[in-house]
2 protein chains.
Amino acid sequence: MRLYIGLLHYPVYNKNYQTIASAITNTDLHDLARLARTFGIKRFYVITPLRDQQELAERILKHWTTGYGAKYNEHRKEALSLIAISSSLEEVVREISELEGRKPFVIATDARKQKTGSLTYEKAIEIIDSGKAVMIMFGTAWGLEKDFVNKADFILDPIEGNTNYNHLSVRTAAAIILDRLVGRYPQRSQEEL
Amino acid sequence: MRLYIGLLHYPVYNKNYQTIASAITNTDLHDLARLARTFGIKRFYVITPLRDQQELAERILKHWTTGYGAKYNEHRKEALSLIAISSSLEEVVREISELEGRKPFVIATDARKQKTGSLTYEKAIEIIDSGKAVMIMFGTAWGLEKDFVNKADFILDPIEGNTNYNHLSVRTAAAIILDRLVGRYPQRSQEEL
């Protein structure tokens, strides 16, 4: 499995659908790093073009990977070691291309239903299982900007709970998406394999 | 569906497996309330015996359900309106029993594998789909205390990602568990129905 995830802080929407650069959130970094470690993700890219925000992310990483935090909680160290900080998706794609010897498929996530077709979880699983390098992009704030989403290779189906409410946090949305794509359900594997 | 969730702040473990009462966390309340609203949960109980912590939770709720937050973001109002604050699981069970006319089944969650049998997701889905009132308990900090877990009617299978790392946040663990138990997967329903 050659699966990567990215958390984008620009370009994303604010509440009024204006394009902004959002702030780094400590909880997002921890929760997504722990998810990445749980689900065998190769690297978790924290993406922001703002230098001061990159520095903030670096300070958090340093604390947990080599500073006091690394001794205080080695499980966090293990998770946060998967984080890399980057300025843009283009930079991330270049880096993964070098690591994997080919460009990754970029799958954008969006809570809104797409007017044109979006990728089913089943198809996404096929792509991942085929061994291709795949990068799944999650948006902070009110989500990934539309133009950014449309430039991705695929847009994943939105999560449907069992209501029409579609306002999950990026932390819980990423958890559900990763579990759907690469999680193990003990009872299902017995039945289906 | 008569599904309830609870977030327990006592008795839970700290890092050294001592029993503690953990602090109310703003992010936990928001993330789990949004999950509850997404997945059609009837009520989300925030459980702590500490009066000052109950007051803190009440202040957060008031801000988002009747204060400035309710106007600022009506989606949050909708989610946080599902929260009820309670002192203990016993109190919650009494309240649900009154609402539903019978005692709920209590399902505890635990990241650790149980020595005795635990409940598969498949069996849990059967219980929920049968229309019985069910209460799923999530633990803060390092998880629900063992004696508390053993008093529940069932203990749910731990989440397995695809590694042996089992240190998710309660926010992301709750997301995965609710999606596994009551989420809709568009592609699966087409195939299986």
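The values are calculated or read from the model by the stated rules, or taken from the named source; none is laboratory data. No experiment lies behind these values; they were computed from the predicted model shown. Neighbour counts run over all protein chains shown; Cβ positions are idealised from the backbone, glycine included. With ligands, DNA and RNA removed, areas are computed over all heavy atoms of the protein, side chains included. Shrake-Rupley method; radii C 1.70, N 1.55, O 1.52, S 1.80 Å.
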Report task. Please work out the Kirkwood hydrodynamic radius for the range A:1-85, using every pair of different C-alpha atoms, and report it in angstroms with one decimal place. Result -> 13.3
Requested in this report: Can you tell me the FRET efficiency between B:TYR72 and B:HIS167 if r is taken as the Cβ-Cβ distance and R0 is 35 Å, rounded to the nearest 0.05?
Outcome: 0.55
Query - DSSP bridge pairs, chain A: antiparallel proportion in percent, nearest 5 - result: 10
Report task. Please name which of B:SER88, A:GLY183, A:TRP64 has its Cα lying farthest along the dipole of the protein assembly as shown towards the positive end, using unit charges on Cβ (Lys, Arg +1; Asp, Glu -1) and the Cα centre as origin. Result -> A:TRP64
Query raised in the report: For chain A, with the dipole built from +1 on Lys and Arg beta-carbon atoms and -1 on Asp and Glu ones, taken about the Cα centre, which of A:ASN166, A:PRO49, A:LEU99 lies farthest toward the positive end?
Result: A:PRO49
Requested in this report: Determine ³J(HN,Hα), in whole Hz, for all residues of the range A:110-115 in sequence, where each value follows from phi through the Karplus function 6.51 cos²θ - 1.76 cosθ + 1.60 and θ = phi - 60°; x replaces Gly and Pro.
Outcome: 8, 6, 8, 5, 8, 6
Query - chain A - charge dipole about Cα centre, Lys and Arg +1 at Cβ, Asp and Glu -1, debye rounded to 20 - result: 220
Query - Rel. contact order, % - alpha carbon contacts under 8 angstrom, at least six apart, chain A - result: 29
**Report entry** Net charge dipole size for the range A:12-115 [Lys, Arg +1 and Asp, Glu -1 on Cβ; Debye, nearest 20]
**Finding:** 320
**Report entry** Listed residue (B:PHE154, B:GLY117, B:TYR4) projecting farthest to the positive dipole end of the protein assembly as shown, Cβ model
**Finding:** B:TYR4
Query - Anisotropy class of chain A from Cα gyration tensor, a/c 1.5 cut - result: rounded
Report summary line: Given pairs B:LYS62/B:LYS115; A:LYS71/B:LYS146; B:LYS123/B:LYS146 and cut-off 31 Å on Cα-Cα distance, the over-length ones are B:LYS62/B:LYS115
Query - R0 of 35 Å, Cβ-Cβ distance A:GLU91-B:ASN14: FRET efficiency to nearest 0.05 - result: 0.30
Query raised in the report: Name the trypsin sites (Lys or Arg not before Pro) in the range A:70-147 that are in a loop by DSSP and that have at most 13 other C-beta atoms within 10 Å, would you?
Result: A:ARG102, A:ARG112, A:LYS113, A:LYS115
Query raised in the report: Rounded, prolate or oblate: which fits the range A:80-193, taking a ≥ b ≥ c as square roots of the Cα gyration tensor eigenvalues, rounded meaning a/c under 1.5, else prolate when a/b beats b/c?
Result: oblate
Query raised in the report: Averaged per residue, what accessible area in Å² does chain B show with a 1.4 Å probe, protein chains only?
Result: 46
Query raised in the report: How large is ³J(HN,Hα), in whole Hz, for each residue of the range A:150-159 in order, when computed from phi with the Karplus curve 6.51 cos²θ - 1.76 cosθ + 1.60 and θ = phi - 60°, using x for Gly and Pro?
Result: 5, 7, 5, 5, 9, 10, 6, 3, x, 6
Query raised in the report: For chain A, what is the mean residue ellipticity at 222 nm derived from helices alone (per DSSP H run of n ≥ 4: -39500 (n - 2.57); sum divided by total residues; nearest 500 deg cm²/dmol)?
Result: -13000 deg cm²/dmol
Requested in this report: Find how much the distance from B:ASP52 to B:ASP147 grows on full extension, using 0.36 nm per residue of separation minus their present alpha carbon separation; answer in nm with one decimal.
Outcome: 31.7 nm
Report task. List the residues of the range B:94-138 whose accessible area drops by at least 20 Å² when all protein chains are present, compared with their chain alone, using a 1.4 Å probe and counting only protein heavy atoms. Result -> B:TYR121, B:GLU122
Report summary line: Counting only DSSP beta bridges fully inside the protein assembly as shown, the antiparallel percentage to nearest 5 is 15
Report summary line: Computed for the protein assembly as shown: size of charge dipole around the Cα centre, +1 on C-beta of each Lys and Arg, -1 on C-beta of each Asp and Glu, debye to nearest 20, value 360
